[in-house]
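Chemist: Here's a structure for you.
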Amino acid sequence: VTETNVYYDEMNRKYSILISAHNFNKKSFWTGEWISSWELEENGTLKGNIKANTYYYESGNVQFSLKNDFNDTVSASGDKDRAKEVLKIIEKRENAVHLDLAKIYEDFSENYIKPLRRKTTSKFLIL
């Protein structure tokens, strides 16, 4: 389930951009969520944060949480150009987090999860 919303706060004169995705995979024993929230102030300051949470629960429990904060400046003038620049910044930041997470998961799975799994051993008794 993915949702994207944009709001304008007239009192504080800023835009809020909220992006979220939630994935529940009961068959493979994991869930995950991605929450990306951004505020664009009138002066061009773009503040945001990205939160990612995953939970793996087959024969044990492993949870991973991440939070990154960002500060950028939008220099474009005009609504259309400003909106395009905001989207480029958000896309760049989110893609970078995705790449970092892919590296973390690969390393974590290979070096930490696999060694924890039960190893089967066969012993035969010969009479």
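Chemist: Determine, for each peptide in 9-22, 46-59, the mean count of other beta carbons within 10 angstrom over its residues, then list the peptides with the highest first. Mind dumping the intermediate values first?
Modeler: Details: 9-22: 13.1, 46-59: 16.0.
Final packing ranking: 46-59, 9-22.
Chemist: Using the eigenvalues of the Cα gyration tensor, what equivalent ellipsoid semi-axes result for the chain when each is taken as the square root of five times the eigenvalue, whole Å, largest first?
Modeler: Details: eigenvalues 386, 42, 21 Å².
Largest first, the chain gives 44, 14, 10 Å.
Chemist: Please compute the volume of the convex hull spanned by the alpha-carbon atoms of segment 5-80 and report it per residue in Å³. Don't skip to the answer; put the middle values down first.
Modeler: Values: hull volume 8.1 nm³, N = 76.
Hull volume normalised by residue count: 106 Å³.
Chemist: Set the Förster distance to 22 Å, then compute FRET efficiency between Lys27 and Phe108 from the Cβ-Cβ distance, nearest 0.05. Present the calculation step by step, with values, prior to reporting the outcome.
Modeler: Values: r = 21 Å, r/R0 = 0.97.
After rounding to 0.05, the efficiency reads 0.55.
Chemist: Hand me the tally of lysine pairs in the chain: alpha carbons under 21 angstrom apart, and the pair either on different chains or 8 or more positions apart.
Modeler: For the chain, the number of qualifying lysine pairs is 23.
Only the coordinates and a few stated rules stand behind these numbers; no lab work does. Treat the numbers as computed from the prediction; the structure is a model and nothing was measured. Quick reminder, even Gly has a Cβ in these numbers, built from the backbone with ideal geometry, and neighbours come from all protein chains shown.
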